[in-house]
Amino acid sequence: MKFTKIAVVLAGLAGLFLLSGMPDDAQALQEKGKSRPAATKYLMRGIVGPNCSGLGKLLKAGPADEKAWDTVACHAACLNELSFALMDDGRCPSGTWAKAATGALREGTVALLAAAEAKDADAAKAAFKTVTSSCGACHKAHKK
Ligand code: HEC
């Protein structure tokens with residue numbers, strides 16, 4: 001009986017610890033990598049955000065000409081490279097992060113590059129949906 005009570009208290013404490021979040025180390029890893037100076041928020045604000053909204057605008061209207069499709073490919077290429085940068089230098093703190101970066105973000109941008117090459121607007125829109133699903137997946141777990 002006593003033992004059960006202790007077990008319940010310990011389980012409760014473990015739950016509280018998990019709810020209160022990871023210790024500071026993991027927090028630091030989310031803000032930047034181990035040795036390179038770029039903070040994740042600047043990669044987001046400077047690279048991910050602008051390339052994503054550039055794609056949104058172009059694909060909403062439908063890329064009109066060769067130059068517009070080339071810009072779609074340019075945005076997709078930059079986002080694809082970020083899927084690697086987000087995994088480098090000890091920046092990745094969790095499996096959720098890794099799945100968003102190497103799954104939806106990387107695979108979506110590869111599909112988007114193929115769609116831009118083929119100038120296939122429907123495929124590009126579908127690929128862009130995959131790309132943007134990565135944002136919320138990672139933010140839900142790692143953005144304050
Ligand atoms: C693998 C994880 C991950 C993915 C994928 C991701 N983000 Fe983020 N993003 C973050 C983290 C972590 C922050 C918070 C950084 C901080 O405040 O230190 C953030 C913050 C941001 C910010 C705010 C930056 C600022 O100025 O403070 C923007 C904008 C943003 N992300 C856009 C996007 C978009 C758009 C996508 C999808 C195309 C995306 N992110 C995908 C991890 C991710």
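The table below lists the values:
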quantity: Scope the stretch 131-143; condition free of Cβ contacts under 8 Å to residues at least 60 places away in the same chain, near the ligand (Cβ under 6 Å from one of its atoms) and open to solvent by 40 Å² or more (accessible area, probe 1.4 Å); matching residues; calculated: His139, Lys143
quantity: Cβ-Cβ under 6 Å pairs, at least 6 apart or on other chains, the stretch 78-95 side over 15 Å from Glu31 (Cα atoms), far side open to solvent by 10 Å² or more (accessible area, probe 1.4 Å) and charged (D, E, K, R); calculated: Ser83/Arg106
quantity: Members of the stretch 30-45 that are open to solvent by 70 Å² or more (accessible area, probe 1.4 Å) and not in a helix (DSSP H, G or I); calculated: Lys32, Lys34, Ser35, Arg36, Pro37
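The values are calculated or read from the model by the stated rules, or taken from the named source; none is laboratory data. Being a predicted model, the structure only gives us computed values, none of them experimental. FYI the Cβ positions are ideal-geometry reconstructions off the backbone, even for glycines, and counts take in every protein chain you see. Ligands, DNA and RNA are excluded from the accessible area calculation, which covers all protein heavy atoms including side chains. Shrake-Rupley method; radii C 1.70, N 1.55, O 1.52, S 1.80 Å.
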